[in-house]
Structures are given as structure tokens and as C-alpha cells.
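Colleague: Supplied in C-alpha cells, the structure appears directly below.
The values are calculated or read from the model by the stated rules, or taken from the named source; none is laboratory data. Keep in mind the model is a prediction, meaning the values are calculated, not measured. Positions of Cβ are generated from backbone atoms using ideal geometry, with glycine treated the same way; all protein chains shown enter the neighbour counts. SASA here: full protein model, heavy atoms, side chains in, ligands and nucleic acids out. Shrake-Rupley method; radii C 1.70, N 1.55, O 1.52, S 1.80 Å.
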Amino acid sequence: ARALGWIGGKESIKALRGTLTNDKFSMMRLAAIQGLKDSNDAGSFDALVTALNDDAMVVRSGAADALGSLGDARAVAPLVAALNREDNFYRGRSLWVRRHIVSALGRIDSRSAVATLIQTLDDADRSVGTAAVTSLELVTKVSFRVPAANQQEWLARTAPKWKTWWEENKKDYL
């Protein structure tokens, strides 16, 4: 499926979309997503949004990555909706698919994602908070440099700066 993405063309795209929609194996659906991502096919937007609701977390994660690569601002609302899907948590903890969704929101570079990114700063999974900071920097073009001994300390020092920034600037983003 990845090779079809590199080859490109209408028939390849059609085959990849069919695999994404109909294949019973999650790894084949993921490979189809990767092929569509490699082909940068904007016409696959709807199929990728639908894949955000796939039963397989790996497929949802791949769909988020592909939507981020497309950079289409229409993906913000479906990504935000997918972020809080019940099956993206386990025993109250964030699963790795949420990090992919937050990163995709940053790559889309839409101001409408900023409020959600601010909310994810406090995620129990530090990798989600770290992805939120990176995404906020991409979207807002603002960066806070704080000294820290490790990622946990860095996030603990950076998140309050972003929250203060948000209170001062949210009128420009809502």
C-alpha cells in the first residue's frame, strides 16, 4: 500500500481509499493511510476523518498524522472530537494516540486549535503536554525558553507561561 502512495495516480489513490474503507486488518488500513499520506492526496480528507473513528488505535493515530500532513483547517474539529474519545484513555490515562492528535493540530497551523492545545497542557501523559507546547509554538509563533533539568520540570515551568499567555491573548484566538 505504501508503494501505491509513492507511485500516485488516480488508480493508486482509489485502491488505497478502498483498502482504508474496507480492509478488515488494521495494519492494512494503516498502510493505506500511509500511502495516502505519501501521495498528499487532499481528496482523501473525508476518508481520513472517518478513520479517526476506527476501532484500531493505530489506524486512528495514522489518520491524525495524515490529516496533520494535509494541513487542512477543516480537520481541526474532527481531531478535537477524536482527542477525547473514551477509547483513547485507559484507566483514566491518556493513550499515545492523543499525542498524535495534538501534534496534528499543530501541523495544521490553525488558530482555532489553540484553546484545545492549552487544555491539553495538563494531560496526565507528559508526552501529550509536550506535544501541546510544540504545537502551540507552531501555531502561535511564540516560544518560552525556560531552564529545566528534565522534560517533566520543563513542562511544569512552561505550561503556566502558556496559560498566562492564553489569558492575555485568547480574545485573538476565539
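Colleague: Stretch residue 122-residue 142 to full length: gain in nm at 0.36 nm per residue minus the Cα-Cα span?
Modeller: So the chain would gain 5.3 nm between residue 122 and residue 142.
Colleague: Something else about it: State the dimensionless ratio Rg/Rh of the stretch 1-97 (Rg: radius of gyration of Cα atoms; Rh: Kirkwood radius).
Modeller: Rg/Rh for the stretch 1-97 comes to 0.98.
Colleague: Report the FRET efficiency, 1/(1 + (r/R0)^6), for residue 109 and residue 157, where r is their Cβ-Cβ distance and R0 is 30 Å, rounded to 0.05.
Modeller: On the way: r = 25 Å, r/R0 = 0.84.
Once the sixth-power term is evaluated, E becomes 0.75.
Colleague: Something else: Using 0.36 nm per residue of separation minus the Cα-Cα distance, give me the extension gain between residue 26 and residue 86 in nm, one decimal.
Modeller: Full-extension gain reported as 19.7 nm.
Colleague: Roughly speaking, to the nearest percent, how much of the chain's 1.4 Å accessible area is carbon and sulfur?
Modeller: 52 percent
Colleague: Of 141/170; 141/171; 141/161; 37/170, which ones are farther than 26 Å apart at the Cα?
Modeller: The answer is 37/170.
Colleague: Also, I was wondering about something else. Please list, ordered by chain and number, the residues whose modelled amide H lies under 5 Å from the amide H of residue 94; skip anything fewer than 5 residues away on the same chain.
Modeller: Long-range HN contacts for residue 94: 124, 125.
Colleague: Expressed in whole Å with the largest first, what are the equivalent ellipsoid semi-axes of the chain derived from the C-alpha gyration tensor as the square root of 5 times each eigenvalue?
Modeller: 31, 17, 13
Colleague: Let me check something: with ligands and nucleic acids excluded, how do 41, 46, 109 order by accessible area (1.4 Å probe), largest to smallest?
Modeller: Result, largest first: 46, 109, 41.
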